[in-house]
Amino acid sequence: MENLRNSDYWLDHFESNLMVKRINWNQKPCITPNEKQAIIPSLRAWQLGETSDGHNLRAATAKYADRHNDATYRDVIDLFIKEEQKHGENLGQYLDRIGVPRKKKDVGDSLFRKVRGLATNMEMWTITVLIVEHAAQVYYQAIKDATNCPLLREICTDILIDEAQHIQFQRERLSIIFNRKRTWKREIAYFIYHLHFKLTYRAIWLGHAKALQAGGYPYQRFKRLMHFKFNQSMCFLEKSLQHAVVPV
């Protein structure tokens, strides 16, 4: 297993990735009425969720960075948030182009933000983001599969490329946090991670079932993929512990 990368590595990654342009905005959107009906209500809510200013996450990051003398990690999280906001803006521009107003408020998004606000430490933020990133991979693939609009498909592809690295970034950071725990605390954390996962993916399904189904992801397939992705992340934790991997 490779060493867990430190904050300097991820700072370089996010700085470089923000310069990459993968979307041809000269294309005109060509979404059909049926596609619009199936996915746009969900996409409006998801777009709103991508626009968070990250205030609470930055606060947790500041405490973590100070405790572990890792000032660079603050810059990494700032760039991570900026990349997520880029996703939200790209989706927002798409909604603008098809004449659909951006959502300013959503019950599900408001509830989720309140729940996230309860997380005051880096560990809970990291596991939360990791779970949501897993769901985002499934979600954006579903949206991509549910439309023949080249522009929307490119937007989804761009996000999916970013999400793959986001997941690796969160896995590595969670492993660093997890490896510092005593054995009995790891057992408690492992239980909390699994409980959090089960509650989160079910809430996401309730809010976005129609769009997921339009892309070919009925509940059982969505559930199976979410469990597969989450188990991969838990295996990553276990392997990092077994190999006593530390950041370099």
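The values are calculated or read from the model by the stated rules, or taken from the named source; none is laboratory data. Predicted model, so just to flag it, every value in this text is computed and none were measured. Counting neighbours? That spans all protein chains shown, and the Cβs are built from the backbone with ideal geometry, glycine included.
Would you be able to say whether some residue in the range 23-43 is charged (D, E, K, R) and either within 19 Å of the chain's Cα centre (by Cα) or on the phi > 0 side of the Ramachandran plot (or both)?
Taking the range 23-43 first, the residues charged (D, E, K, R) are 28, 35-36.
Filter again for either within 19 Å of the chain's Cα centre (by Cα) or on the phi > 0 side of the Ramachandran plot (or both), leaving none.
Within the range 23-43 (the criterion being charged (D, E, K, R) and either within 19 Å of the chain's Cα centre (by Cα) or on the phi > 0 side of the Ramachandran plot (or both)), the answer is no, since none of the residues qualifies.
For (1) hydrophobic (A, V, I, L, M, F, W, C); (2) surrounded by fewer than 22 Cβ atoms within 10 Å (Cβ to Cβ), each residue gets a yes or a no:
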residue	(1), (2)
Gln141	no, yes
Ala146	yes, no
Asp158	no, yes
Leu199	yes, yes
Gly207	no, yes
Met234	yes, yes
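I'd like the residue in the range 173-232 that is among the small types (Gly, Ala, Ser) and touching a Ser or Thr at 6+ places or on another chain (Cβ under 9 Å) and, out of all such residues, is nearest to Ser7 (Cα to Cα).
Of the residues in the range 173-232, the ones among the small types (Gly, Ala, Ser) are 175, 189, 203, 207, 209, 211, 214-216.
Right, trim to touching a Ser or Thr at 6+ places or on another chain (Cβ under 9 Å) and you get 175, 207, 209, 211, 214-215.
Values: Ser175: 14, Gly207: 34, Ala209: 36, Ala211: 36, Ala214: 39, Gly215: 36 Å.
Selected residue: Ser175.
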Q) Regarding Ala164, is this residue closer than 28 Å to Ile31 by Cβ, within 16 Å of the chain's Cα centre (by Cα), modelled with pLDDT of 95 or more and not aromatic (Phe, Trp, Tyr)? A) yes
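Let's see how each residue does on (1) of a type in the set (D, E, K, R); (2) without any contact (Cβ under 8 Å) to a residue 40 or more places away in the chain:
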{"residue": "Leu151", "(1), (2)": "no, no"}
{"residue": "Ile155", "(1), (2)": "no, no"}
{"residue": "Phe178", "(1), (2)": "no, no"}
{"residue": "Arg182", "(1), (2)": "yes, yes"}
{"residue": "Lys185", "(1), (2)": "yes, yes"}
{"residue": "Tyr217", "(1), (2)": "no, no"}
{"residue": "Asn231", "(1), (2)": "no, yes"}
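Select from the range 33-61 the residues that are of a type in the set (A, V, I, L, M) and at pLDDT 95 or above and list them in ascending order. Full working, then the answer.
At the first step, the residues of the range 33-61 found to be of a type in the set (A, V, I, L, M) are 38-40, 43, 45, 48, 57, 59-60.
Within the range 33-61, Ala38, Ile39, Ile40, Leu43 qualify.
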